[in-house]
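**Q** Have a look at this one.
The values are calculated or read from the model by the stated rules, or taken from the named source; none is laboratory data. Quick caveat, the model's predicted, so the values are computed rather than measured. Cβ sites come from the backbone with ideal geometry, for glycine too, and all protein chains shown count toward neighbours.
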Amino acid sequence: MMHRHFVLFKPYGYVSQFVSETRKKKVLGGFHDFPEGTMAIGRLDEDSEGLLLLTTDGKVSELVRSSKVEKEYYAQVDGVITDEALQQLQQGIAIRTEKEWHQTKPCRVQRLKATPELPERARRIRDERHGPTSWITLTLKEGKFRQVRKMTAAVGFPTLRLVRVRIGNIMAGGMAAGEVIEVGSFDLG
């Protein structure tokens, strides 16, 4: 059987699945005529956007989710993030998972000098009257539930918008929200 692979820019407000327990959730199936057995590799929560890989091959799914593959995120945070907070994020920080505390692994974190060019979001974050925001980039090799959001909140700068922009060597650059591209294989680097 020939497996098929897809790159999707998941918009805000969708869950990373094809079937919803409740009919109220927006699912991925409406973006493309995906073959039976297609699964999302990893997840982006309903409030997060960006790169999502889909495949019919479970072995590829395991590799992408492993700690061998980098995932890069752009996060818009509440306030002007400090050098101290950036350093804490880089060194790793304790976050609460569903059942226990987890010490995140050291990661690359930088302040972005300009607002990144991203697809328009379906729902506005807020405007400048509510105070300043800043953008950072985080590159991780792990992915606990809502990890980036928990990390930025733990250092005092809650995430307002979260966009995954890279998985391995696959970049989201220039993709529109909801756009699907079928690829022969994933270049994970």
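**Q** Where the second residue is in a loop (DSSP other than H, G, I, E, B) and modelled with pLDDT under 90 and the first is polar (S, T, N, Q) and lies in region 102-122, which pairs have Cβ atoms under 6 Å and are six or more apart or on separate chains?
**A** none
**Q** Looking only at region 170-179, how many residues end up being surrounded by fewer than 18 Cβ atoms within 10 Å (Cβ to Cβ) and in a strand (DSSP E or B)?
**A** To start, the set of residues in region 170-179 that are surrounded by fewer than 18 Cβ atoms within 10 Å (Cβ to Cβ) comprises 171, 173-174, 176, 178-179.
From the residues that got through so far, the ones that are in a strand (DSSP E or B) too are 171.
Qualifying residue count, region 170-179: 1.
**Q** Of the residues in region 162-189, how many are within 23 Å of residue 125 (Cβ to Cβ) and touching a Phe, Trp or Tyr at 6+ places or on another chain (Cβ under 8 Å)?
**A** Adding up the residues that qualify gives 10.
**Q** Also: All but one of (1) touching a residue at least 40 places away in the same chain (Cβ under 8 Å); (2) out of contact with any strand residue (DSSP E or B) (no Cβ under 6 Å at 6 or more places or on another chain) hold for residue 53, so report the exception by its number.
**A** Of (1) touching a residue at least 40 places away in the same chain (Cβ under 8 Å); (2) out of contact with any strand residue (DSSP E or B) (no Cβ under 6 Å at 6 or more places or on another chain), only one is false for residue 53: (2).
**Q** Okay, moving on. May I ask you to list the residues in region 148-176 that are among the hydrophobic types (A, V, I, L, M, F, W, C) and more than 11 Å from residue 7 (Cβ to Cβ)? Please lay out each step first, then the result.
**A** Going through region 148-176, the residues among the hydrophobic types (A, V, I, L, M, F, W, C) turn out to be 148, 151, 153-155, 157, 160, 162-163, 165, 167, 170-172, 175-176.
Listed by number, the residues that qualify are 148, 151, 153, 154, 155, 157, 160, 162, 163, 165, 176.
**Q** Would region 89-96 turn up any residue that is under 17 Å from residue 73 (Cβ atoms), of a type in the set (A, V, I, L, M, F, W, C), in contact with a strand residue (DSSP E or B) (Cβ under 9 Å, 6 or more places away or on another chain) and not in a strand (DSSP E or B)? Reasoning before the result, please.
**A** Within region 89-96, the first condition is being under 17 Å from residue 73 (Cβ atoms), and the residues that meet it are 89-90, 92-93, 95.
Subsequent filtering for residues that are of a type in the set (A, V, I, L, M, F, W, C) retains 89, 93, 95.
With the extra rule that they be in contact with a strand residue (DSSP E or B) (Cβ under 9 Å, 6 or more places away or on another chain), the set shrinks to 89, 93, 95.
So of that shortlist, the ones also not in a strand (DSSP E or B) come out as 89, 93.
The answer is yes, given that some residue of region 89-96 is under 17 Å from residue 73 (Cβ atoms), of a type in the set (A, V, I, L, M, F, W, C), in contact with a strand residue (DSSP E or B) (Cβ under 9 Å, 6 or more places away or on another chain) and not in a strand (DSSP E or B).
**Q** Further question: List the residue pairs whose Cβ atoms are under 7 Å apart, where the first residue sits in region 144-156 and is more than 14 Å from residue 44 (Cα to Cα), the second is in a helix (DSSP H, G or I), and the two are 6 or more positions apart or on different chains.
**A** 151/89; 155/85; 155/88; 155/89; 156/85
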